[in-house]
Amino acid sequence: MIQSQTKLSINKFHAGFSQRFLIFGFGILIVLFEIALAKWSLFFTATPILSLCYIFTILLLRPQFMSVTTIILLALLFELLGGDMLGVRITAFYIAAVVVQKQIGSNENDDFISNWANFSLICFGFVLFRLLVFVSLYLIIPNLSILAFQIGITILVFPIIFVTISVLFSIFEPPTHQVD
């Protein structure tokens, strides 16, 4: 009896670890795709922040799959490969994750429009935080129309990512009622 409970807990641990690893691996692909979008002439100066969309959606739908380590590693990967200011994206993603988990995640009955509005505020705060750090370091104000474009395109891309991840979670979710 004890051996079967131990075996069940080990299997549950391995299943949880493999789900978290899959979420992390897919996050790496999204970060690499976001960096690749920066090479396109349309998004050369301001790419959509797909990694923020991904982290927000996972934290909203399945917060147990997204750990703080995953968030930090994804942000660090983008900073190193994408040429972003070191530490700024990590800090902003961590703050956004805390806000989502503490405030927005508690409102599980929200509809899509309220989640989209919350994401819009998070996205605006993320870009504003990066802008404040940039201005304090370099003492110049960058082109604000580029930042507005980045915020706008990210907000427009969010529903696509949200619906895609929601559908994938519903497809791969184990059945609730198993027939023996």
Query raised in the report: Roughly how much of Ser67 is accessible, in Å² to the nearest 10, using a 1.4 Å probe?
Result: 40 Å²
Report summary line: Summing -39500 (n - 2.57) over every DSSP H run of at least 4 in the chain, dividing by its residue total and rounding to the nearest 500, the 222 nm mean residue ellipticity is -25500 deg cm²/dmol
Report summary line: Plugging the Cβ-Cβ distance of Lys102 and Arg20 into 1/(1 + (r/R0)^6) at R0 = 22 Å yields, to the nearest 0.05, a FRET efficiency of 0.60
Requested in this report: Report, to two decimal places, the Cα Rg of the chain normalised by 2.2 N^0.38 Å (N = number of residues).
Outcome: 1.16
Requested in this report: With all protein chains present, calculate the accessible area of Leu137 using a 1.4 Å probe and round the result to the nearest 10 Å².
Outcome: 110 Å²
Query raised in the report: To the nearest 10 degrees, how steeply does helix 50-61 sit against the main Cα axis of the chain, on a 0 to 90 scale?
Result: 40 degrees
Query raised in the report: Of all accessible surface on region 23-180 at a 1.4 Å probe, what whole percent is carbon and sulfur?
Result: 71 percent
Query raised in the report: Averaged per residue, what accessible area in Å² does the chain show with a 1.4 Å probe, protein chains only?
Result: 62 Å²
Query - Distance (nanometres) between label positions extended 7 Å along Cα→Cβ at Phe129 and Ser170 - result: 3.1 nm
Report summary line: Toy charge model, Lys and Arg Cβ at +1, Asp and Glu Cβ at -1: region 28-172 dipole around Cα centroid in debye, rounded to 20, equals 180 debye
Report task. Sort Thr164, Thr47 from largest to smallest accessible area, using a 1.4 Å probe on the heavy atoms of the protein chains. Result -> Thr164, Thr47
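The values are calculated or read from the model by the stated rules, or taken from the named source; none is laboratory data. Everything numeric here is computed off the predicted structure, so don't read it as measured data. Because the Cβ atoms are built from the backbone with ideal geometry, glycine has one as well, and the counts that use them run over all protein chains shown. Please note that ligands, DNA and RNA were not included when accessible areas were found on the heavy atoms of the full protein model with its side chains. Shrake-Rupley method; radii C 1.70, N 1.55, O 1.52, S 1.80 Å.
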